[in-house]
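One structure below.
The values are calculated or read from the model by the stated rules, or taken from the named source; none is laboratory data. Only a predicted model underlies this, so the values are computations on that prediction, with no experimental measurement involved. Cβ coordinates were reconstructed from backbone atoms using ideal geometry, including for glycine residues, and neighbour counts include every protein chain displayed. To get the accessible areas, we keep the full protein, side chains included, count just its heavy atoms, and leave off ligands, DNA and RNA. Shrake-Rupley method; radii C 1.70, N 1.55, O 1.52, S 1.80 Å.
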Amino acid sequence: MNSEFDMLRYEKYYAEKSGCRYIAGVDEAGRGPLAGPVCAAAVIFPPDVVIEGINDSKKLTEKQREKLFDEIKEKALAYSIAWGSLEEIEELNILQAAMLAMKRAIEGLSVQPDFVLVDGNKRPDTDIPCLTIIKGDAHSQSIAAASILAKVSRDRLMVELSAQYPEYEFDKHKGYGTKLHREKLLTYGPCAIHRPSFMKKIFSPPTKKKPTRQKAAGNQGEEQAVEYLQNRGYTLVERNYTSPYGEIDIIVQDAEYLVFVEVKARQWDAIARPADSVNKGKRKKLLQTAEYYMQEHPTALTPRMDVIEVVFNPTDKDDSRITHIECAFGEEPS
């Protein structure tokens with residue numbers, strides 16, 4: 001759990017060093033789902049107000065979020081909840097619709113903030129001075145509170161919409177691309193609240209590709225990586241998990257960690273090192289996919305992103321060499 005100092009350090013710094021009286025935290029929820037609007041919230045707390053247990057909404061259980069939702073509204077000096085509609089998501093794209101919802105949340109505050117702390121690396125269109133903070137919902141109480149208000153508000157809306165579209169069971173998956181939701185889509189097709197631009201991967205016909213030597217190596221590498229992890233006490237959670245951002249090869253867990261594993265394999269005569277292919281763009285997609293998974297499956301386990309390299313002799317399984325790189329990217333899913 002983050003300490004009081006950690007969660008208030010940004011608020012205290014700008015209050016003490018810059019003379020800001022009203023500092024708002026802003027975050028959004030619902031960029032990843034296949035259905036429904038995107039929601040944003042903004043929160044201003046009185047100085048020195050501390051809410052025990054507050055954290056990134058994805059790391060809390062539904063019961064914890066619901067409890068904190070009421071406490072945040074009660075103790076906030078001001079709060080605002082705003083939306084980006086399905087039509088705006090399709091017209092502007094999901095990122096811009098989320099930024100628009102954030103802008104509306106800021107403008108909807110009953111107290112004008114002097115400074116705004118924004119989760120992520122993009123700032124909404126506002127004349128108020130802003131600071132963007134990567135993983136801000138794990139470092140700022142104001143941002144974490146906004147994250148909770150947005151997440152709970154959106155989840156409640158999806159439960160309401162489930163009564164209108166019962167065949168999709170939105171109350172269970174809240175519109176995220178879970179196995180259940182995808183099955184419902186393939187059975188019933190999209191409904192009025194599905195995002196058309198998000199449907200392409202589900203309904204586009206698969207392209208048939210001839211298996212390549214690289215693909216064969218990848219499949220064999222994954223099998224050996226799973227065996228390696230299980231022999232070291234990890235429990236297999238899922239393989240080849242897909243999201244709108246990409247795919248993660250293996251997800252495992254132990255008593256402390258939920259581990260997302262990218263497997264890179266090659267045969268003994270290849271030139272490049274397997275992990276070299278995990279470039280900056282690939283890392284971003286992996287982290288986004290891991291965060292998407294945690295939105296679907298909230299957990300108290302600490303997330304970790306690993307890479308496993310498998311270099312093998314295709315004719316002799318016992319000749320394989322495995323290198324396990326823990327915390328491979330230097331940053332973990334939030």
_Let me confirm something: among Gly25, Gly32, which residue is in a loop (DSSP other than H, G, I, E, B), closer than 26 Å to Lys174 by Cα, open to solvent by less than 10 Å² (accessible area, probe 1.4 Å) and not polar (S, T, N, Q)?_
Gly32
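Residues checked against (1) touching a residue at least 60 places away in the same chain (Cβ under 8 Å); (2) touching a strand residue (DSSP E or B) at 6+ places or on another chain (Cβ under 7 Å); (3) not in a helix (DSSP H, G or I):
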{"site": "Cys39", "(1), (2), (3)": "yes, yes, yes"}
{"site": "Ala42", "(1), (2), (3)": "yes, yes, yes"}
{"site": "Pro46", "(1), (2), (3)": "no, no, yes"}
{"site": "Val50", "(1), (2), (3)": "yes, no, yes"}
{"site": "Asn55", "(1), (2), (3)": "yes, no, yes"}
{"site": "Lys63", "(1), (2), (3)": "no, no, no"}
{"site": "Lys67", "(1), (2), (3)": "no, no, no"}
{"site": "Asp70", "(1), (2), (3)": "no, no, no"}
{"site": "Lys73", "(1), (2), (3)": "yes, yes, no"}
*Only one of (1) open to solvent by 20 Å² or more (accessible area, probe 1.4 Å); (2) under 21 Å from Leu287 (Cβ atoms); (3) acidic (Asp, Glu) fails for Glu90. Which number is that?*
(2)
*Just to be sure, is Ile81 β-branched (Val, Ile, Thr) and part of a strand (DSSP E or B)?*
yes
*What is the residue count in the stretch 219-228 for residues that are touching a residue at least 40 places away in the same chain (Cβ under 8 Å) and within 30 Å of Leu34 (Cβ to Cβ)?*
2
*Is it the case that some residue within the stretch 130-141 is part of a helix (DSSP H, G or I) and either modelled with pLDDT of 95 or more or among the aliphatic types (A, V, I, L, M) (or both)?*
yes
_For the stretch 232-250, give me each residue that is among the hydroxyl-bearing types (Ser, Thr, Tyr), part of a loop (DSSP other than H, G, I, E, B) and either loosely packed, with under 14 Cβ neighbours inside 10 Å or in contact with a Ser or Thr (Cβ under 6 Å, 6 or more places away or on another chain) (or both)._
Tyr245
*So which pairs qualify, if the first residue must be in the stretch 278-297 and under 23 Å from Asp171 (Cα atoms), the second must be among the small types (Gly, Ala, Ser), the Cβ gap must be under 6 Å, and the two must be at least 6 apart or on different chains?*
Thr289/Ser243; Thr289/Gly246; Tyr292/Gly32; Tyr292/Ser243
*Note down all Cβ pairs under 7 Å where the first residue falls in the stretch 180-196 and is closer than 18 Å to Glu91 by Cα and among the basic types (Lys, Arg), the second is part of a helix (DSSP H, G or I) and open to solvent by 20 Å² or more (accessible area, probe 1.4 Å), and they're at least six residues apart or on different chains.*
Arg195/Leu86; Arg195/Glu90
*For the stretch 108-118, which residues satisfy the criterion of being open to solvent by 30 Å² or more (accessible area, probe 1.4 Å) and in contact with a strand residue (DSSP E or B) (Cβ under 8 Å, 6 or more places away or on another chain)?*
Gly108, Ser110, Val111, Asp114
